[in-house]
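Reviewing the structure listed below.
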Amino acid sequence: MKGRGTKVLGEERRELILRWLKGSHSPLTGSKLAQETNVSRQVIVQDISLLKARNEPIMATAQGYMYFHQVQTDQKVSKIIACQHAPEQTEDELLTIVDFGVTIKDVTIEHPVYGDLTGSIMIQNRHDVETFLNRVKETKASYLLELTDGVHLHTLEANDESQLQQACKALEQKGFLLRRS
């Protein structure tokens, strides 16, 4: 990425954004994309929406935008888990999961009006946990679990089943994992 100094217009800007996202192995923030194209962050948000409307597989994560590459060279295993805890226990929950090498792809709640609400968070390590928690604190945002008395789902992804099992066992020991009765 390199800044141009002049405003990049419409379709040319969206093509640049798409190229940068496809070429990046880490998330790109809306602010960074705005800076590089000399437009506002809100313009970037609109551009991303237009690209998604064209079926471009772009994910908005807590760390920025990512292009979801369909081809995966390594086979991952995934699992959806149900958890419940207080907002102040979020850090403990997230650290417990990532310490087993497990990625937290998203968080989902069942809202009484809107149905399932899912936030893509893509948390892979302790640094990502810290970044996510700082972002929530700085923006004074609420955790989705605050809308559902702490009940929420996570999609977890790992290199093998044993990592998922270890993370789930640790969550269960801490009382975070919901079990079916």
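Overview of results
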{"item": "Top of 84, 75, 163 by mean-square fluctuation, Gaussian network on the chain, Cα under 10 Å", "result": "75"}
{"item": "Per residue convex hull volume, Cα atoms of the chain, in Å³", "result": "138 Å³"}
{"item": "Under the Debye formula (equal points on every Cα, no solvent term), log10 I(q)/I(0) of the range 88-174 at q = 0.10, 0.20, 0.24 Å⁻¹", "result": "-0.25, -0.98, -1.30"}
{"item": "Average Cα contact separation per residue, the chain, under 8 Å, 6 or more apart, as relative contact order %", "result": "23 percent"}
{"item": "At 0.890 mPa s and 25 °C, Stokes D of the range 10-67 from Kirkwood alpha-carbon radius, µm² per second", "result": "223 µm²/s"}
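Each reported figure results from applying straightforward, stated rules to the coordinates on display, with no laboratory input. Computed from a predicted model, the values in this text were never measured in an experiment.
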